[in-house]
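Have a look at the structure below, then the notes.
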Amino acid sequence: MELTGKVVLVTGASRGIGRATAQALVARGATVAVAATSEDALGDLGAASTHAFDLSDPANALALAEEVEGRHGRVDVLVNNAGVRVDQLVTHVDLDDLDRSFQVNALSPYVLAGRLAAGMAERGEGVVVNLVAPVVSPGRRGMGPYASSKAALESLTNTLRQEVGGKGVAVFGFDPGWVRTDLAPDGKEEPGPVAERLVAHIEAGKGSKTPLS
Ligand SMILES: NC(=O)c1ccc[n+]([C@@H]2O[C@H](COP(=O)([O-])OP(=O)(O)OC[C@H]3O[C@@H](n4cnc5c(N)ncnc54)[C@H](OP(=O)(O)O)[C@@H]3O)[C@@H](O)[C@H]2O)c1
């Protein structure tokens, strides 16, 4: 997909991979809508619009989708990037942590993808990319809330691809690798090059498991 003039929504754009991705998309000439819980860190991105929504409530995800579509008329590309990492043994059950993990990492991305992919399928063009973590989502000791919510995100990705993939909508997961951010302070790679790879996959309409040609 040629990104110039395309309307792109990036969640979790206040820092880390999402911020770098928003910057790369602005540089491509896309009309970029950026979201985070607060607009404080969104103002200097050069984005077309900024949106403050707390995605620990999926009702807010629906409201975000409607606000961005209302503002720009459509969304051509969704980057479901916002995420939280809660490290916890499964035997340590904390309902608030579990709730936040699944709402932010799985349910809100589900609502955004479903709501916005409907319009993409009608227009016969669009991209939905979900930030997945395939190294941990099959299961990782001490990372229950994060790993299991990311597994749900992978399931959503595959299901939505089966439903709208034949209608001109590319749906894929992007594995960023191990990136130095607040979520992974010991990560090996800086967000900038990772964001460039992510944008290249959006342009090609291919997930990170599929090599770019
Ligand atoms: N870093 C890695 O090595 C790695 C590996 C695999 C996958 N990933 C995935 O890549 C994505 C980005 O991760 P990152 O490393 O860039 O993390 P990060 O630096 O911690 O950034 C997380 C982003 O998510 C937003 N967010 C968190 N809770 C939110 C909420 N309740 N409502 C709305 N936005 C919320 C944050 O915005 P606020 O300013 O509002 O908090 C922030 O912009 C995540 O989905 C993560 O799981 C990362």
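The values are calculated or read from the model by the stated rules, or taken from the named source; none is laboratory data. Keep in mind it's a predicted model, so treat the numbers as computed, not measured. Using ideal geometry, Cβ is built from the backbone for each residue, glycine included, and neighbour counts are taken over all protein chains shown. Only protein heavy atoms, including side chains, enter the accessible area calculation; ligands, DNA and RNA are left aside. Shrake-Rupley method; radii C 1.70, N 1.55, O 1.52, S 1.80 Å.
Tabulated data for the structure shown
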| read-out | value |
| --- | --- |
| Conditions (1) in a loop (DSSP other than H, G, I, E, B); (2) more than 15 Å from the ligand (Cβ to nearest atom); number of the one not met by P138 | (2) |
| Residue satisfying condition, being over 20 Å from S149 (Cβ atoms) and touching a helix residue (DSSP H, G or I) at 6+ places or on another chain (Cβ under 7 Å), within set A30, A63, A47 | A47 |
| L183 being open to solvent by less than 10 Å² (accessible area, probe 1.4 Å), within 11 Å of the ligand (Cβ to nearest atom) and either of a type in the set (F, W, Y) or modelled with pLDDT of 95 or more (or both) | no |
| Tally, over the range 150-177, of residues that are closer than 24 Å to R85 by Cβ and touching a residue at least 12 places away in the same chain (Cβ under 8 Å) | 15 |
| Residue within the range 112-124 that is farther than 23 Å from L212 by Cα, touching a Phe, Trp or Tyr at 6+ places or on another chain (Cβ under 9 Å) and crowded, with 23+ Cβ neighbours inside 10 Å present | no |
| Neighbours by Cβ (under 8 Å, 6+ apart or cross-chain): first from the range 35-49, of a type outside the set (G, A, S); second open to solvent by less than 40 Å² (accessible area, probe 1.4 Å) and part of a loop (DSSP other than H, G, I, E, B) | T37/S14; T37/F53; T37/L55; D40/S14; L42/A13; L42/S14; L45/A13 |
| Wholly within the range 1-109, strands (runs of 3 or more DSSP E) carrying at least 1 residues that are within 10 Å of the ligand (Cβ to nearest atom) and surrounded by fewer than 22 Cβ atoms within 10 Å (Cβ to Cβ) | 49-52 |
